[in-house]
Amino acid sequence: TYEKPFGITAINHLHRRGRKLGADIFTVMQEQHAIDLVGMDSEANGGLGEVPPTELTRFMTSYRYFFSPIRYTSLGLAILEAMSIGLPILGIAGCELSTVIQNGVHGYLESDLSKLSEHMRRLESDPQHAAQLGVQARKLARSRFAIDRFAQEWFQTFHEVINSHSAP
C-alpha cells in the first residue's frame, strides 16, 4: 500500500457539476498537492479518466489518502470504499462527512483550506500517521457501514414490525 504518497479523489463529471461538488476546491488543492482525480469525464479536470466501479477499490489501494472536495452531498460511496480499504479521509467539514470523520482519528476535515493543506502535507510525509488513521477509518467503515450490520438491523426491524401486528 501507499505506493503513491499522495491523494486520490473520485467524482464523476466534476467539471460539469462545478462548485456544488467542489471543483474549485479540488483545483486549489491540486495546485498545492499531487491529487489524482478519477471518474467519468475526469479528463476535463486533468484527471485519469473513469475507473470501472468494480475496480475502483483496488485502484485506490496505492494512494496515501482519499480527498473529498464536495461541499453539498450525502456520504458518498467512494468515501466508504476508501475507508473500507484503510485510507484516511480528508475533506471539507460540512454535510454528512462531518458526522462520520473525527479529526485525528479517521482523517481530517477542515473549512479552512490552508489547514486542510497542512494535514495533506503531514500525511504525504508521514506514512505511519496515514496508516494509523487508515486503520481507524477501516474499523469505522466495517462497524458502521458494513452490509452485515445493515442486514442485521433490517431483519430486526422486520421482526419488530411483524410481531407488533399480531392477529386479532
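Within the stretch 1-31, being of a type in the set (S, T, N, Q) and in contact (Cβ under 8 Å) with a residue 40 or more places away in the chain holds for T1, T9. Can you confirm whether I101 is hydrophobic (A, V, I, L, M, F, W, C), in contact with a strand residue (DSSP E or B) (Cβ under 8 Å, 6 or more places away or on another chain) and within 16 Å of L21 (Cα to Cα)? So I101 does not fit the description; no.
Checking the stated criteria, T54 turns out not to satisfy the condition of being closer than 18 Å to Q136 by Cα and among the β-branched types (V, I, T).
Out of I147, I101, I92, one residue alone is within 22 Å of I11 (Cβ to Cβ) and out of contact with any Lys or Arg (no Cβ under 7 Å at 6 or more places or on another chain). It is I101. Against the numbered list (1) in a helix (DSSP H, G or I); (2) within 18 Å of R142 (Cα to Cα), H15 comes up short only at (2).
Contact annotation: residue pairs with Cβ atoms under 7 Å, 6 or more positions apart or on different chains, pairing a residue in the stretch 51-74 that is open to solvent by 20 Å² or more (accessible area, probe 1.4 Å) with a partner that is among the aromatic types (F, W, Y) and in a helix (DSSP H, G or I), are V51/F59.
Screening the stretch 84-96 for residues that are touching a residue at least 24 places away in the same chain (Cβ under 8 Å) and assigned to a helix (DSSP H, G or I) and picking the one that is surrounded by the fewest Cβ atoms within 10 Å (Cβ to Cβ) gives C95. Of all residues in the stretch 3-22, those being over 16 Å from the mean Cα position of the chain (by Cα) and either within 23 Å of E110 (Cβ to Cβ) or open to solvent by 60 Å² or more (accessible area, probe 1.4 Å) (or both) number 9.
Of the helices (runs of 4 or more DSSP H) lying entirely inside the stretch 97-168, the ones with 1 or more residues being surrounded by 14 or more Cβ atoms within 10 Å (Cβ to Cβ), of a type in the set (S, T, Y) and within 18 Å of the chain's Cα centre (by Cα) are found at 113-125. Look at S111 and say whether it is within 22 Å of R19 (Cα to Cα) and either touching a helix residue (DSSP H, G or I) at 6+ places or on another chain (Cβ under 6 Å) or among the aromatic types (F, W, Y) (or both). Judged against the criteria, S111 is not a match.
The values are calculated or read from the model by the stated rules, or taken from the named source; none is laboratory data. Quick caveat: nothing in here was measured; it's all calculated off a predicted structure. With ideal geometry, Cβ positions are generated from the backbone for all residues, glycine too; neighbour counts draw on all protein chains shown. Each accessible area value is taken on the protein alone, full model and side chains, heavy atoms only, with ligands, DNA and RNA left out. Shrake-Rupley method; radii C 1.70, N 1.55, O 1.52, S 1.80 Å.
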